[in-house]
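Have a look at the structure below before the remarks.
The values are calculated or read from the model by the stated rules, or taken from the named source; none is laboratory data. Remember, it's a predicted structure, so these values are computed and weren't measured experimentally. Cβ placement follows ideal geometry from the backbone for every residue including glycine, while neighbour counts extend to all protein chains displayed. Only protein heavy atoms, including side chains, enter the accessible area calculation; ligands, DNA and RNA are left aside. Shrake-Rupley method; radii C 1.70, N 1.55, O 1.52, S 1.80 Å.
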Amino acid sequence: MELSKKNISKTLEKISISGSDDNIVSSGAIKNIQVFGDQVDIDLSLSNPTLQARKKLEVDIMKIIHNEIYEKAKININTKIEKASNKISSQSKKISGVDSIIAVSSAKGGVGKSTLTINLAASLAKKGCKVGILDADIYGPSVPTMMDVEGYVPKSIKVNDQSKIEPIESYGVKIMSIGFFTKLDQAVVWRGPMASKALNQMIFDTNWGELDFLFLDLPPGTGDIHLSLVQSLPITGSIIVSTPQNVALADARRGIKMFQQESISVPILGLVENMAYFKTDDSEDKHYIFGEDGVKYLSKDLNINFLGEIPLIKSLREASDFGRPGSLQESTEVSEIFDNISKNVVEQLLKRNKELPPTKIVEITNLVGCSAVKK
Ligand SMILES: Nc1ncnc2c1ncn2[C@@H]1O[C@H](COP(=O)(O)OP(=O)(O)OP(=O)(O)O)[C@@H](O)[C@H]1O
Ligand SMILES: [Mg+2]
(Lines give C-alpha, C1' and ligand atoms only; values in the text may rest on other atoms or scores of the structure.)
(Ligands and ions follow the chains in the order given, each with its own letter.)
Protein backbone atom coordinates (compact mmCIF):
# COMPACT_ATOMS: atom_id res chain seq x y z
CA MET A 1 0.00 0.00 0.00
CA GLU A 2 1.23 3.50 -0.78
CA LEU A 3 2.59 5.40 2.21
CA SER A 4 0.18 8.31 2.07
CA LYS A 5 -1.68 10.50 4.52
CA LYS A 6 -4.98 8.99 3.43
CA ASN A 7 -3.86 5.37 3.77
CA ILE A 8 -2.30 6.04 7.16
CA SER A 9 -5.43 7.76 8.37
CA LYS A 10 -7.63 4.88 7.12
CA THR A 11 -5.37 2.31 8.76
CA LEU A 12 -5.23 4.16 12.07
CA GLU A 13 -9.02 4.04 12.22
CA LYS A 14 -8.55 0.41 13.22
CA ILE A 15 -7.01 1.46 16.53
CA SER A 16 -9.67 2.06 19.10
CA ILE A 17 -9.39 4.18 22.20
CA SER A 18 -9.42 1.98 25.25
CA GLY A 19 -12.69 2.11 27.12
CA SER A 20 -14.66 3.57 24.22
CA ASP A 21 -15.94 2.52 20.78
CA ASP A 22 -14.29 5.53 19.19
CA ASN A 23 -11.09 5.13 17.18
CA ILE A 24 -8.07 7.41 17.39
CA VAL A 25 -8.90 9.15 14.11
CA SER A 26 -12.60 9.83 14.56
CA SER A 27 -12.03 10.96 18.16
CA GLY A 28 -9.69 13.68 16.94
CA ALA A 29 -6.68 12.26 18.79
CA ILE A 30 -4.68 12.26 15.56
CA LYS A 31 -4.09 15.94 14.97
CA ASN A 32 -1.89 15.85 11.93
CA ILE A 33 -0.18 13.36 9.65
CA GLN A 34 2.68 14.31 7.38
CA VAL A 35 4.45 12.08 4.89
CA PHE A 36 7.68 12.86 3.09
CA GLY A 37 9.25 9.98 1.22
CA ASP A 38 9.46 7.21 3.81
CA GLN A 39 9.25 9.60 6.75
CA VAL A 40 5.98 9.92 8.66
CA ASP A 41 5.27 12.56 11.30
CA ILE A 42 2.18 12.08 13.42
CA ASP A 43 0.83 14.57 15.94
CA LEU A 44 -1.14 12.81 18.63
CA SER A 45 -3.21 14.48 21.30
CA LEU A 46 -4.39 12.51 24.36
CA SER A 47 -6.40 13.47 27.40
CA ASN A 48 -4.66 12.39 30.60
CA PRO A 49 -3.52 8.90 29.57
CA THR A 50 -1.45 6.72 31.88
CA LEU A 51 2.15 6.49 30.80
CA GLN A 52 1.57 2.87 29.93
CA ALA A 53 -1.52 3.59 27.83
CA ARG A 54 0.34 6.30 25.96
CA LYS A 55 3.32 4.06 25.20
CA LYS A 56 1.03 1.25 24.09
CA LEU A 57 -0.82 3.53 21.73
CA GLU A 58 2.40 4.83 20.18
CA VAL A 59 3.66 1.29 19.68
CA ASP A 60 0.31 0.23 18.20
CA ILE A 61 0.46 3.11 15.70
CA MET A 62 3.98 2.21 14.60
CA LYS A 63 3.17 -1.49 14.35
CA ILE A 64 0.07 -1.08 12.26
CA ILE A 65 1.79 1.28 9.80
CA HIS A 66 4.78 -1.04 9.49
CA ASN A 67 2.64 -4.16 9.13
CA GLU A 68 -0.10 -2.87 6.88
CA ILE A 69 1.43 -0.07 4.83
CA TYR A 70 5.20 0.05 4.65
CA GLU A 71 7.58 -1.87 6.86
CA LYS A 72 10.46 0.57 6.41
CA ALA A 73 8.52 3.73 7.22
CA LYS A 74 10.39 6.00 9.65
CA ILE A 75 7.75 7.09 12.09
CA ASN A 76 7.96 9.99 14.45
CA ILE A 77 5.10 10.49 16.90
CA ASN A 78 4.70 13.79 18.75
CA THR A 79 2.33 13.20 21.62
CA LYS A 80 0.68 16.07 23.41
CA ILE A 81 -1.24 15.56 26.59
CA GLU A 82 -4.44 17.60 26.70
CA LYS A 83 -8.15 17.31 26.42
CA ALA A 84 -8.75 15.75 23.02
CA SER A 85 -10.83 17.85 20.69
CA ASN A 86 -13.00 16.65 17.87
CA LYS A 87 -11.65 19.10 15.37
CA ILE A 88 -9.05 17.98 12.89
CA SER A 89 -7.20 20.98 11.55
CA SER A 90 -7.91 21.81 7.97
CA GLN A 91 -5.41 23.37 5.65
CA SER A 92 -5.97 26.86 4.47
CA LYS A 93 -5.58 27.47 0.80
CA LYS A 94 -3.65 30.66 1.28
CA ILE A 95 -0.08 30.84 2.37
CA SER A 96 -0.22 33.32 5.17
CA GLY A 97 2.49 35.94 5.12
CA VAL A 98 3.40 35.49 1.46
CA ASP A 99 2.74 38.54 -0.69
CA SER A 100 3.47 37.53 -4.27
CA ILE A 101 3.81 34.11 -5.78
CA ILE A 102 5.68 34.15 -9.07
CA ALA A 103 5.82 31.05 -11.27
CA VAL A 104 8.83 30.68 -13.56
CA SER A 105 7.84 28.51 -16.45
CA SER A 106 8.73 27.27 -19.93
CA ALA A 107 7.10 24.42 -21.73
CA LYS A 108 10.49 23.30 -23.07
CA GLY A 109 13.14 21.82 -20.81
CA GLY A 110 16.65 23.14 -20.29
CA VAL A 111 16.02 26.71 -21.38
CA GLY A 112 16.97 28.32 -18.07
CA LYS A 113 14.00 28.31 -15.67
CA SER A 114 16.06 27.32 -12.66
CA THR A 115 18.88 29.68 -13.62
CA LEU A 116 16.44 32.58 -13.85
CA THR A 117 14.65 31.59 -10.63
CA ILE A 118 17.71 31.42 -8.41
CA ASN A 119 19.27 34.55 -9.86
CA LEU A 120 16.11 36.65 -9.53
CA ALA A 121 15.57 35.36 -6.00
CA ALA A 122 19.16 36.09 -4.96
CA SER A 123 19.10 39.48 -6.65
CA LEU A 124 15.95 40.53 -4.75
CA ALA A 125 17.24 39.09 -1.45
CA LYS A 126 20.43 41.10 -1.96
CA LYS A 127 18.27 44.24 -2.12
CA GLY A 128 16.69 43.42 1.23
CA CYS A 129 13.52 41.67 0.08
CA LYS A 130 12.23 38.58 1.84
CA VAL A 131 12.37 35.85 -0.76
CA GLY A 132 11.60 32.15 -1.00
CA ILE A 133 11.94 29.52 -3.69
CA LEU A 134 9.76 26.48 -4.05
CA ASP A 135 11.56 24.07 -6.35
CA ALA A 136 8.49 22.50 -7.91
CA ASP A 137 10.54 20.48 -10.38
CA ILE A 138 9.87 17.20 -8.71
CA TYR A 139 11.42 15.25 -11.61
CA GLY A 140 14.75 17.05 -11.66
CA PRO A 141 15.15 19.41 -8.71
CA SER A 142 18.22 21.57 -9.38
CA VAL A 143 17.73 24.43 -6.94
CA PRO A 144 19.59 22.73 -4.02
CA THR A 145 22.71 22.35 -6.18
CA MET A 146 22.49 25.83 -7.67
CA MET A 147 22.05 27.37 -4.19
CA ASP A 148 24.72 25.20 -2.54
CA VAL A 149 22.42 23.36 -0.15
CA GLU A 150 22.56 19.92 -1.70
CA GLY A 151 22.14 17.13 0.84
CA TYR A 152 20.56 19.37 3.49
CA VAL A 153 17.59 17.93 5.33
CA PRO A 154 14.89 20.33 6.55
CA LYS A 155 13.83 20.06 10.18
CA SER A 156 10.34 19.41 11.33
CA ILE A 157 9.21 22.10 13.78
CA LYS A 158 6.11 23.15 15.69
CA VAL A 159 4.34 26.37 14.84
CA ASN A 160 1.17 27.11 16.82
CA ASP A 161 0.92 23.44 17.66
CA GLN A 162 1.13 22.37 14.01
CA SER A 163 3.98 20.37 12.52
CA LYS A 164 5.73 22.45 9.90
CA ILE A 165 8.89 22.03 7.87
CA GLU A 166 11.59 24.64 8.23
CA PRO A 167 12.89 25.74 4.81
CA ILE A 168 16.65 25.73 4.22
CA GLU A 169 18.08 29.22 3.92
CA SER A 170 20.91 30.11 1.58
CA TYR A 171 22.09 33.57 0.48
CA GLY A 172 19.09 34.96 2.40
CA VAL A 173 16.62 32.92 0.35
CA LYS A 174 14.30 30.36 1.98
CA ILE A 175 14.29 27.19 -0.08
CA MET A 176 12.07 24.14 -0.20
CA SER A 177 12.72 21.37 -2.70
CA ILE A 178 11.69 17.79 -3.16
CA GLY A 179 15.42 17.29 -3.67
CA PHE A 180 15.85 17.59 0.12
CA PHE A 181 13.80 14.43 0.57
CA THR A 182 15.23 12.23 -2.16
CA LYS A 183 18.69 11.02 -2.97
CA LEU A 184 20.35 12.78 -5.91
CA ASP A 185 21.18 9.60 -7.78
CA GLN A 186 17.72 8.12 -7.32
CA ALA A 187 15.32 8.50 -10.17
CA VAL A 188 12.13 9.80 -8.64
CA VAL A 189 9.12 8.30 -10.28
CA TRP A 190 6.09 10.17 -9.08
CA ARG A 191 2.69 9.41 -10.42
CA GLY A 192 0.66 12.55 -11.14
CA PRO A 193 -1.60 12.64 -8.08
CA MET A 194 1.25 11.76 -5.72
CA ALA A 195 3.42 14.46 -7.19
CA SER A 196 0.70 17.06 -6.80
CA LYS A 197 0.16 15.99 -3.23
CA ALA A 198 3.84 16.21 -2.39
CA LEU A 199 3.93 19.68 -3.91
CA ASN A 200 0.87 20.82 -2.02
CA GLN A 201 2.51 19.69 1.18
CA MET A 202 5.74 21.48 0.38
CA ILE A 203 3.78 24.65 -0.27
CA PHE A 204 1.40 24.62 2.67
CA ASP A 205 3.42 22.80 5.32
CA THR A 206 6.57 24.87 4.94
CA ASN A 207 7.19 27.53 7.55
CA TRP A 208 7.77 30.34 5.03
CA GLY A 209 7.22 33.12 7.54
CA GLU A 210 6.83 36.54 5.94
CA LEU A 211 7.85 36.71 2.30
CA ASP A 212 7.68 39.44 -0.29
CA PHE A 213 8.19 37.00 -3.13
CA LEU A 214 7.85 33.26 -3.41
CA PHE A 215 9.28 31.96 -6.68
CA LEU A 216 8.06 28.66 -8.08
CA ASP A 217 10.60 26.91 -10.28
CA LEU A 218 8.29 24.76 -12.39
CA PRO A 219 9.20 21.54 -14.19
CA PRO A 220 9.19 21.72 -17.99
CA GLY A 221 5.91 21.07 -19.77
CA THR A 222 2.28 21.92 -19.35
CA GLY A 223 1.11 18.77 -17.62
CA ASP A 224 -0.96 17.77 -14.62
CA ILE A 225 1.46 19.23 -12.12
CA HIS A 226 1.24 22.65 -13.66
CA LEU A 227 -2.51 22.52 -13.76
CA SER A 228 -2.86 21.42 -10.18
CA LEU A 229 -0.32 23.99 -9.00
CA VAL A 230 -1.84 26.93 -10.79
CA GLN A 231 -5.30 25.95 -9.71
CA SER A 232 -4.50 25.36 -6.07
CA LEU A 233 -2.37 28.46 -5.54
CA PRO A 234 -3.15 32.14 -5.90
CA ILE A 235 -0.27 32.73 -8.31
CA THR A 236 0.25 36.46 -8.67
CA GLY A 237 1.99 36.24 -12.00
CA SER A 238 4.12 34.05 -14.21
CA ILE A 239 7.34 34.58 -16.09
CA ILE A 240 7.95 32.56 -19.24
CA VAL A 241 11.52 31.80 -20.27
CA SER A 242 12.48 30.72 -23.76
CA THR A 243 15.47 30.57 -26.04
CA PRO A 244 14.99 32.34 -29.39
CA GLN A 245 14.83 29.17 -31.49
CA ASN A 246 11.60 28.09 -33.18
CA VAL A 247 11.05 24.82 -31.34
CA ALA A 248 11.38 26.59 -28.02
CA LEU A 249 9.08 29.41 -29.12
CA ALA A 250 6.38 26.96 -30.14
CA ASP A 251 6.57 25.46 -26.66
CA ALA A 252 6.56 28.92 -25.09
CA ARG A 253 3.30 29.68 -26.91
CA ARG A 254 1.79 26.55 -25.40
CA GLY A 255 2.96 27.60 -21.95
CA ILE A 256 1.45 31.05 -22.41
CA LYS A 257 -1.87 29.56 -23.53
CA MET A 258 -1.98 27.41 -20.44
CA PHE A 259 -1.68 30.42 -18.13
CA GLN A 260 -4.23 32.35 -20.16
CA GLN A 261 -6.87 29.61 -20.10
CA GLU A 262 -10.06 30.89 -18.58
CA SER A 263 -10.08 28.38 -15.76
CA ILE A 264 -6.54 29.37 -14.82
CA SER A 265 -6.04 33.00 -15.86
CA VAL A 266 -2.75 33.65 -14.18
CA PRO A 267 -1.39 37.02 -15.33
CA ILE A 268 1.79 36.76 -17.39
CA LEU A 269 4.29 39.30 -16.10
CA GLY A 270 6.45 38.89 -19.16
CA LEU A 271 8.87 36.88 -21.26
CA VAL A 272 12.61 36.43 -20.80
CA GLU A 273 14.91 35.54 -23.69
CA ASN A 274 17.68 33.26 -22.49
CA MET A 275 20.78 32.27 -24.43
CA ALA A 276 19.99 35.28 -26.62
CA TYR A 277 23.48 35.36 -28.14
CA PHE A 278 27.10 34.51 -27.48
CA LYS A 279 30.15 36.74 -27.44
CA THR A 280 33.74 35.60 -27.32
CA ASP A 281 36.13 37.28 -24.88
CA ASP A 282 38.06 39.10 -27.58
CA SER A 283 35.29 40.59 -29.69
CA GLU A 284 32.05 42.51 -29.29
CA ASP A 285 30.44 40.53 -32.14
CA LYS A 286 27.26 38.78 -31.12
CA HIS A 287 26.69 35.23 -32.36
CA TYR A 288 23.02 34.33 -32.46
CA ILE A 289 23.39 30.63 -31.85
CA PHE A 290 19.70 29.93 -31.26
CA GLY A 291 18.40 32.56 -33.68
CA GLU A 292 17.97 36.30 -33.27
CA ASP A 293 15.31 38.04 -31.18
CA GLY A 294 12.75 35.22 -31.41
CA VAL A 295 11.36 35.90 -27.93
CA LYS A 296 11.18 39.64 -28.54
CA TYR A 297 9.11 39.00 -31.67
CA LEU A 298 6.89 36.60 -29.77
CA SER A 299 6.26 39.16 -27.06
CA LYS A 300 5.29 41.75 -29.70
CA ASP A 301 3.12 39.25 -31.52
CA LEU A 302 1.20 38.27 -28.38
CA ASN A 303 1.37 41.70 -26.80
CA ILE A 304 3.12 40.41 -23.72
CA ASN A 305 5.73 42.42 -21.88
CA PHE A 306 9.42 41.69 -22.57
CA LEU A 307 11.39 41.49 -19.31
CA GLY A 308 14.91 41.17 -20.66
CA GLU A 309 17.51 39.04 -22.37
CA ILE A 310 20.31 36.91 -21.00
CA PRO A 311 23.22 36.04 -23.30
CA LEU A 312 25.05 32.74 -23.10
CA ILE A 313 27.70 33.45 -20.49
CA LYS A 314 30.19 30.88 -19.32
CA SER A 315 30.58 32.42 -15.86
CA LEU A 316 26.81 32.23 -15.35
CA ARG A 317 26.81 28.49 -15.95
CA GLU A 318 29.88 28.11 -13.73
CA ALA A 319 28.25 30.13 -10.95
CA SER A 320 25.18 27.85 -11.01
CA ASP A 321 27.31 24.71 -11.03
CA PHE A 322 29.37 26.11 -8.16
CA GLY A 323 26.26 26.87 -6.12
CA ARG A 324 26.50 30.66 -5.92
CA PRO A 325 24.04 32.63 -8.07
CA GLY A 326 25.82 34.87 -10.59
CA SER A 327 23.50 37.74 -9.67
CA LEU A 328 25.36 38.02 -6.35
CA GLN A 329 28.57 39.06 -8.09
CA GLU A 330 29.68 42.67 -7.57
CA SER A 331 28.79 44.82 -10.61
CA THR A 332 29.43 42.29 -13.33
CA GLU A 333 27.62 41.85 -16.64
CA VAL A 334 25.75 38.92 -15.05
CA SER A 335 24.64 40.77 -11.92
CA GLU A 336 23.51 43.78 -13.94
CA ILE A 337 21.40 41.61 -16.23
CA PHE A 338 19.53 40.07 -13.31
CA ASP A 339 19.19 43.33 -11.40
CA ASN A 340 17.57 44.74 -14.49
CA ILE A 341 15.21 41.81 -15.01
CA SER A 342 14.22 41.74 -11.33
CA LYS A 343 13.45 45.46 -11.48
CA ASN A 344 11.22 44.86 -14.50
CA VAL A 345 9.50 41.94 -12.78
CA VAL A 346 8.64 44.05 -9.74
CA GLU A 347 7.45 46.89 -11.96
CA GLN A 348 5.16 44.51 -13.81
CA LEU A 349 3.88 43.07 -10.53
CA LEU A 350 2.90 46.49 -9.26
CA LYS A 351 1.34 47.39 -12.62
CA ARG A 352 -0.68 44.17 -12.68
CA ASN A 353 -1.87 44.87 -9.18
CA LYS A 354 -3.22 48.23 -10.22
CA GLU A 355 -4.79 47.03 -13.44
CA LEU A 356 -6.52 43.87 -12.31
CA PRO A 357 -9.96 44.09 -10.76
CA PRO A 358 -9.67 43.97 -6.96
CA THR A 359 -11.24 40.52 -6.59
CA LYS A 360 -8.46 38.94 -8.59
CA ILE A 361 -5.61 40.70 -6.89
CA VAL A 362 -3.31 38.90 -4.57
CA GLU A 363 -2.22 41.84 -2.46
CA ILE A 364 1.31 42.87 -3.23
CA THR A 365 1.30 46.46 -2.10
CA ASN A 366 2.68 45.57 1.29
CA LEU A 367 6.20 44.53 0.35
CA VAL A 368 7.54 43.68 3.78
CA GLY A 369 10.99 45.14 4.40
CA CYS A 370 11.54 45.53 0.70
CA SER A 371 12.02 49.25 0.38
CA ALA A 372 14.53 48.83 -2.44
CA VAL A 373 11.81 47.92 -4.88
CA LYS A 374 8.87 49.82 -3.42
CA LYS A 375 9.38 52.93 -5.51
N1 LIG B 1 22.46 32.22 -20.20
C2 LIG B 1 23.14 31.11 -19.90
N3 LIG B 1 24.49 31.05 -20.10
C4 LIG B 1 25.19 29.93 -19.82
N5 LIG B 1 24.65 28.81 -19.31
C6 LIG B 1 23.31 28.82 -19.07
C7 LIG B 1 22.49 29.95 -19.34
N8 LIG B 1 21.21 29.66 -18.99
C9 LIG B 1 21.24 28.41 -18.52
N10 LIG B 1 22.49 27.88 -18.58
C11 LIG B 1 22.90 26.54 -18.20
O12 LIG B 1 22.09 25.65 -18.96
C13 LIG B 1 21.71 24.53 -18.19
C14 LIG B 1 20.17 24.44 -18.14
O15 LIG B 1 19.68 25.57 -17.44
P16 LIG B 1 18.55 25.41 -16.31
O17 LIG B 1 18.81 24.23 -15.46
O18 LIG B 1 18.40 26.73 -15.67
O19 LIG B 1 17.30 25.12 -17.26
P20 LIG B 1 15.85 24.62 -16.85
O21 LIG B 1 14.89 25.25 -17.82
O22 LIG B 1 15.60 24.87 -15.42
O23 LIG B 1 15.98 23.07 -17.12
P24 LIG B 1 14.92 21.91 -16.71
O25 LIG B 1 13.83 22.00 -17.73
O26 LIG B 1 15.72 20.68 -16.80
O27 LIG B 1 14.44 22.24 -15.33
C28 LIG B 1 22.33 24.73 -16.82
O29 LIG B 1 23.54 24.03 -16.77
C30 LIG B 1 22.61 26.23 -16.75
O31 LIG B 1 23.71 26.55 -15.92
MG1 LIG C 1 15.05 23.49 -13.88
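A few points about this structure:
- Radius of gyration over Kirkwood radius for the chain, both on Cα atoms: the Rg/Rh ratio is 1.03.
- Screening the chain for whole DSSP H helices of 27 Å or more along their axis (Cα) with average Kyte-Doolittle hydropathy at least -1.0 returns 333-355.
- Solvent exposure ordering (accessible area, 1.4 Å, most first) of His66, His287: His287, His66
- Neighbour net charge for Leu269 - beta-carbon separation under 13 angstrom, K R +1, D E -1: +1
- Ordering Met258, Met1 by accessible surface, largest first, gives Met1, Met258; the 1.4 Å probe counts only protein heavy atoms, with every chain in place.
- For Asp251, solvent-accessible area (1.4 Å; no DNA, RNA or ligand), Å²: 30
- Mean-position separation - Cα centroids, the stretch 128-187 and the stretch 283-351, in angstrom: 25
- Think of a 1.4 Å ball rolled over the protein heavy atoms: the stretch 313-356 then has 55 Å² of accessible area per residue.
- For Arg253, solvent-accessible area (1.4 Å; no DNA, RNA or ligand), Å²: 100
- For the stretch 5-81: accessible area per residue (Å², 1.4 Å): 54
- What the phi angles of the stretch 275-280 give under the Karplus curve with 6.51, -1.76 and 1.60, with θ = phi - 60°, is a coupling list of 6, 4, 6, 10, 10, 7 Hz, glycine and proline written as x.
- Taking the chain and dividing mean pair separation by its residue count, relative contact order in percent (alpha carbons under 8 Å, at least six apart): 18
- Paramagnetic reach from Val153 (point 7 Å along Cα→Cβ, amide N under 11 Å) across the stretch 163-181: 181
- Nearest-0.05 FRET efficiency for Ser26 and Tyr139, computed from C-beta distance (R0 51 Å): 0.85
- Taking the chain as a Gaussian network of alpha-carbon nodes connected by springs under 10 Å, the highest mean-square fluctuation of the residues Lys164, Lys14, Lys174 belongs to Lys14.
- Relative contact order of the stretch 259-331, pairs being alpha-carbon contacts under 8 Å that are 6 or more residues apart, as %: 32
- Among the protein heavy atoms, those of Asp282 account for about 140 Å² of accessible surface (1.4 Å probe, every chain in place).
- About its Cα centre, the chain has a charge dipole of approximately 1240 debye under the convention of +1 per Lys or Arg Cβ and -1 per Asp or Glu Cβ, with nothing else charged.
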